Every structure is written in structure tokens, then in C-alpha cells.
Amino acid sequence: MLSLRAAALTDIGRVRRENEDRLLLDEKFGLFGIADGVGGLPGGGEAAQLAVDEIAGALHALPPEQEPDLVAIVRHANESVIALGQKISPSMGIGSTLTFGCVRDSFLHIAHVGDSRAYVYLNGTLTRLTEDHSVENEARLRRAKGEVAYYHEANRNALTRCIGQPTPPEVDIIDRPLSAGERYLFCTDGVTRLVPDSELGLILSKFDNPKGAIDEIVALAVRRGGPDNATGVVIYIDHV
């Protein structure tokens with residue numbers, strides 16, 4: 001039998017005037033994740049908050065035995081963020097990334113839209129579970145398929161999918177059986193742009209408790225300049 005230990009931390013960083021990151025941490029219910037309000041648009045914090053509220057509300061409302069339809073739940077959250085955007089930013093809308101996981105029957109079901117990330121560390125290896133939905137990354141994936149893809153350097157980090165976009169977003173779903181010893185990390189790009197994957201793996205291996213790990217990861221991003229909000233959730237999977 002497996003059990004979970006989890007911890008989370010968010011930091012405004014050293015440059016931004018507002019923290020537009022939000023997080024999900026509900027150990028009892030098995031719900032973990034992050035949302036990052038889209039920079040350059042008004043209402044990023046409101047978009048991220050509504051996104052995580054909608055996800056938590058929808059999953060808590062389901063009977064325990066019912067398998068959640070994460071694509072439908074995420075798309076409903078998208079509609080709610082669109083509606084809020086029409087009120088507070090009718091000309092531009094509002095948006096957020098959203099990457100979260102819910103545990104059901106020793107499986108972790110992850111839903112992902114945007115460029116926040118989910119990782120798993122096990123036996124000395126850190127594996128990135130999600131692909132960034134950015135202009136640069138989408139072009140790289142298209143080129144790998146033999147397609148021609150160009151982008152302007154100034155737009156390389158622009159999102160190609162987000163919560164709050166006018167059309168229903170394509171939602172990446174990852175289903176994983178949980179194993180004792182696994183250590184999961186959900187984090188925003190305020191972390192991953194400052195702390196490379198190799199260091200994230202070392203930190204997750206170094207600490208035997210999730211709080212120590214996430215405290216060190218976020219502190220490192222801030223020490224390196226903290227140009228963006230930095231947020232993460234760490235989950236350790238244990239044998240009971």
C-alpha cells in the first residue's frame with residue numbers, strides 16, 4: 001500500500017509586483033498542481049485562481065468511484081476563465097497555464113495546458129512528463145516530424161495553448177501507475193527557466209522530505225534573480 005507526502009511553496013520573486021501563480025495541494029484528496037497567469041495580459045492572477053478553483057470544485061464534486069474526465073473538466077474551466085475575461089478584460093481576455101494531477105486507485109492522472117511542467121524522479125533519473133506548449137517547442141516538434149516550421153525569436157516563449165483561449169484547448173493527459181520511491185514535481189516556468197532539469201533531479205534526490213526539496217528549488221530560482229514568480233508542489237510516494 002502507498003502513501004503520499006507533499007509540500008508546496010510560491011514566491012513572488014524579485015521583479016514582479018504581483019504573484020500571479022497559484023497552486024493546488026490537497027493530500028487527503030490526492031490533488032496537486034500549479035497555474036501561472038499569462039504575462040502581458042491583465043488579470044493573470046484572477047485567471048490562475050479561477051482555473052485552480054474550478055478544477056478543485058469539479059473533482060471534489062465527483063463520487064469517489066467515478067473516473068474523472070479531465071479533458072472535460074479542464075475545458076469547463078477554460079469556459080469559466082473566458083467568461084471572467086469578458087468582464088475584466090473584454091478587449092484582450094485573460095489566461096493561465098494549468099498543470100495538475102489527481103490520484104485515483106494508485107494511479108496519477110495528469111492534465112496539462114501551457115508551459116508549466118510536471119516531472120518524476122526515481123532511481124537517480126529525473127523525467128519530464130509534460131511538453132511545453134510554446135511557439136519554440138511546437139516548432140521543434142513539427143521539425144522532428146519533417147515539417148517546415150519557423151518562428152520569430154521574440155515570440156519563442158509565447159504560449160500556443162492556455163486556459164482562457166477562445167477555442168477549447170487541446171489537453172495533454174498522462175496516466176501513470178504510482179510506485180514507492182517516486183518523487184513528483186509540478187512547477188511554473190519561474191522555476192524551470194532558472195533551475196535546469198539536472199539540478200532539479202539533484203535536489204529531489206538530496207532531501208528525504210518534500211518540504212526541504214521545494215523550499216530549496218524555489219529559493220534557488222529566487223537567488224538567481226527571481227525575474228518571475230516561482231511556484232512548485234512536490235509529492236513523495238512511500239510504502240505504508
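Some values worked out for this structure:
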quantity: Net +/- balance of residues flanking T10 in space, Cβ distance below 11 Å, scoring K and R +1, D and E -1; calculated: -3
quantity: Estimated FRET transfer efficiency (A219, S3; beta-carbon r; R0 30 Å; 0.05); calculated: 0.65
quantity: Long-range amide H partners of S116 with built H, under 5 Å; calculated: L98
quantity: Region 2-239, relative contact order [Cα under 8 Å, separation at least 6], %; calculated: 30 percent
quantity: For region 188-193, Karplus couplings with θ = phi - 60° (6.51, -1.76, 1.60), whole Hz, Gly/Pro x; calculated: 8, 6, x, 8, 6, 7
quantity: Over the chain: helical MRE at 222 nm, DSSP H runs n ≥ 4 each giving -39500 (n - 2.57), nearest 500; calculated: -10000 deg cm²/dmol
quantity: At least 24 Å along the helix axis (C-alpha) and Kyte average at least 0.0, DSSP helices within the chain; calculated: 44-61, 70-88
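Any read-out appearing in this document is the output of simple, stated calculations on the displayed coordinates, not a laboratory observation. Note that the structure is predicted; figures quoted are calculated from it, not measured. Every residue, glycine among them, receives a Cβ derived from its backbone with ideal geometry; neighbour counts consider all protein chains shown.
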